[in-house]
Structure formats: structure tokens, C-alpha cells
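Here the structure is laid out as C-alpha cells; the discussion comes afterwards.
The values are calculated or read from the model by the stated rules, or taken from the named source; none is laboratory data. On a predicted model such as this, the values are computed, not experimentally measured, just so you know. Positions of Cβ are backbone-derived with ideal geometry, glycine not excepted, and every protein chain shown enters the neighbour counts.
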Amino acid sequence: MPKILGILGSPHPYGGSGTLLRCALYAAEELGLETELIELYRSKLEPCVGCVQDEEPTCKYPCIFEDDGREILQKLKTAEGYILASPVYWYGPSGPLKILIDRMTALENMVALGEPSYVEGKVVGIITVGADAGVTLAGAYLLSVLNAMGAMIPPWAHAYSHRGKEALFDDRAVMDAINVGRLVAGLILRVRGGEGPLAYLEDFDLLKRIRARVGEEKKKWEAQHEPKPAGSSRKSGP
């Protein structure tokens with residue numbers, strides 16, 4: 001079964017970028033694709049040290065570091081598509097997502113060893129949440145880098161919102177995120193020789209259904225992680 005990885009570069013699992021990413025992944029699932037969400041802030045990622053500049057091709061898969069990044073790179077290698085989502089930090093993606101992008105050089109630089117880039121042929125979509133022009137600048141950066149690594153970009157591959165943690169209630173952003181998921185999935189299916197959508201779909205019933213699913217998950221997560229009142233952990237009695 002084709003698999004899409006959702007890569008979340010936010011410290012807030014159900015913040016704006018987290019909820020929109022889930023909308024995209026659930027839309028892909030409705031087309032029969034398997035999805036997996038990876039939260040980078042829960043992972044240990046050593047920053048890239050620039051092995052690609054060495055005279056010997058030491059920059060190669062699976063990378064020199066034996067951390068969570070190695071497992072993520074393995075999943076990126078085998079998946080057929082990626083959807084990356086991030087809040088905007090100074091016109092770019094978050095720090096952990098930028099570290100992962102740098103570490104993905106180990107996948108792309110396999111060309112130095114006579115192999116194709118391990119990102120070649122992957123289908124990618126992007127979701128960004130932030131203020132002003134930062135959402136388009138961060139999205140354009142991510143799409144440009146992934147395409148330079150060999151990835152394919154479907155139509156309508158970038159969804160964004162300016163509404164921060166309230167992005168799930170931004171109808172246009174939710175519909176755009178759903179289409180990111182649909183069209184990443186659609187291009188994967190086409191590449192595999194099957195049928196898949198490559199045109200934008202305006203479907204408010206689909207929007208309401210997926211938003212309700214994500215909203216219910218968000219409520220449950222918030223209930224489980226609600227801060228406890230001070231002293232609530234103390235035992236009563238002598």
C-alpha cells in the first residue's frame with residue numbers, strides 16, 4: 001500500500017500546523033493510502049555537520065548519526081510521499097524541520113555514489129502557519145529544496161493559514177490542506193499506474209467531516225494534557 005509520511009515541525013501537536021496536517025493525511029486516507037505522522041519535537045535530531053563538503057563521499061544514507069533522525073530517514077526513503085507542516089519562524093520553517101531538511105542531504109547525496117537520490121520520485125506537499133508573507137516564503141523554500149532533491153510537486157501543493165492555533169476554523173486553509181492530501185495521494189496513484197485526482201476539489205461536506213474528526217481528537221488530547229491545579233497530586237489524610 002502506498003504510504004505518505006506527515007512530518008510535523010511544531011512543538012504543539014494540535015496547534016495550527018498540526019491540525020491542518022491531520023486534515024491532509026485523513027484526506028489521503030480516504031483515497032486508500034496509508035499515512036503516518038512524525039512529530040519532530042518528540043525526536044532527537046543531531047544537526048548536520050556538513051559531511052557533503054568532504055572530498056570523500058561521507059555524506060550518504062543512512063547518515064553518520066545514530067539518533068532518531070536515522071529512523072526518520074529510513075521512513076523517508078521507503079515512503080512514496082511526504083507532507084511537511086510547520087509554523088513559520090522568521091520567514092522559514094521551525095528549527096527541527098530545518099535540521100531534518102539538512103539531514104536529508106544523506107538521501108539526496110547518494111548521487112555522489114552513482115545512485116539516484118533517495119528522494120527522487122517522492123510526491124510532496126507543504127503546510128505552513130504564520131503571519132504575513134512568512135507563510136509563502138517558508139512554503140516556497142520547502143518546495144524548492146525538496147524539488148531540488150528530486151521530489152515531485154503536484155498541483156495545489158501548498159496550504160497555509162494566518163490564524164495560528166485557530167487554523168482548524170479557517171475554512172479556506174482546511175479545504176486547501178485537504179486538497180494537499182488528496183493531490184499528493186492522487187499523484188502517487190497516477191505514478192503507480194492507477195487513477196487519482198489531480199484537480200482541486202471544493203467539497204464542504206468533506207471539509208466538515210474531516211474537521212470534525214480532527215476537532216474531536218484535539219479535544220481528547222487537550223483533556224488528557226490539561227494542566228492540573230497546584231497541589232492536586234498530594235495525598236489526603238495523615
In segment 1-46, which residues are of a type in the set (Phe, Trp, Tyr), in a helix (DSSP H, G or I) and either farther than 17 Å from Leu189 by Cβ or at pLDDT below 95 (or both)?
Tyr41
Looking at segment 134-141, can you tell me whether even one residue there is within 30 Å of Glu56 (Cβ to Cβ), outside any loop (DSSP other than H, G, I, E, B) and within 15 Å of the chain's Cα centre (by Cα)?
yes
Looking at segment 47-71, which of its residues are in a loop (DSSP other than H, G, I, E, B) and of a type in the set (Val, Ile, Thr)?
Val49, Thr58, Ile64
Residues located in segment 170-210, provided they are touching a residue at least 12 places away in the same chain (Cβ under 8 Å), surrounded by 14 or more Cβ atoms within 10 Å (Cβ to Cβ) and basic (Lys, Arg):
Arg182
Every listed condition ((1) outside any helix (DSSP H, G or I); (2) out of contact with any Lys or Arg (no Cβ under 7 Å at 6 or more places or on another chain); (3) over 17 Å from Leu21 (Cα atoms)) holds for Gln74 save (1)
Taking Ala199, is it part of a loop (DSSP other than H, G, I, E, B), of a type outside the set (S, T, N, Q) and modelled with pLDDT of 95 or more?
yes
Among the residues of segment 145-172, write down those that are in a helix (DSSP H, G or I), closer than 19 Å to Ile188 by Cα and out of contact with any strand residue (DSSP E or B) (no Cβ under 6 Å at 6 or more places or on another chain).
Asn147, Ala148
Restricting the search to segment 131-169, which residues are farther than 28 Å from Val111 by Cα, touching a residue at least 60 places away in the same chain (Cβ under 8 Å) and out of contact with any Pro (no Cβ under 9 Å at 6 or more places or on another chain)?
Ala159, Ser161, Arg163, Lys165, Glu166, Ala167, Leu168
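Rundown of residues vs (1) in contact with a helix residue (DSSP H, G or I) (Cβ under 8 Å, 6 or more places away or on another chain); (2) surrounded by fewer than 24 Cβ atoms within 10 Å (Cβ to Cβ); (3) at pLDDT 95 or above, yes/no style:
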site	(1), (2), (3)
Lys98	no, yes, yes
Ile127	yes, no, yes
Ala133	no, yes, no
Leu143	no, yes, yes
Asn147	no, yes, yes
Gly150	yes, yes, yes
Pro154	yes, yes, yes
Are any residues in segment 1-25 crowded, with 20+ Cβ neighbours inside 10 Å and over 13 Å from the mean Cα position of the chain (by Cα), and if so, which ones?
Pro2, Tyr14, Gly15
Single match in Glu120, Glu30, Glu46, Glu115 (criterion: under 28 Å from Lys220 (Cβ atoms) and acidic (Asp, Glu))
Glu30
I'm told Tyr160 meets every condition in (1) of a type outside the set (S, T, N, Q); (2) closer than 25 Å to Pro47 by Cβ; (3) at pLDDT 95 or above; (4) buried (at least 21 other Cβ atoms within 10 Å of the Cβ) except one. Can you identify the failing condition by its number?
(2)
Residues of segment 100-118 that turn out to be closer than 17 Å to Gly69 by Cα, touching a helix residue (DSSP H, G or I) at 6+ places or on another chain (Cβ under 9 Å) and not aromatic (Phe, Trp, Tyr), as a count
9
Selection status of Lys98, among the charged types (D, E, K, R) and either farther than 18 Å from Tyr41 by Cα or assigned to a strand (DSSP E or B) (or both)
no
For Ala112, state whether it is within 17 Å of Ser86 (Cα to Cα), among the small types (Gly, Ala, Ser) and surrounded by fewer than 17 Cβ atoms within 10 Å (Cβ to Cβ).
no
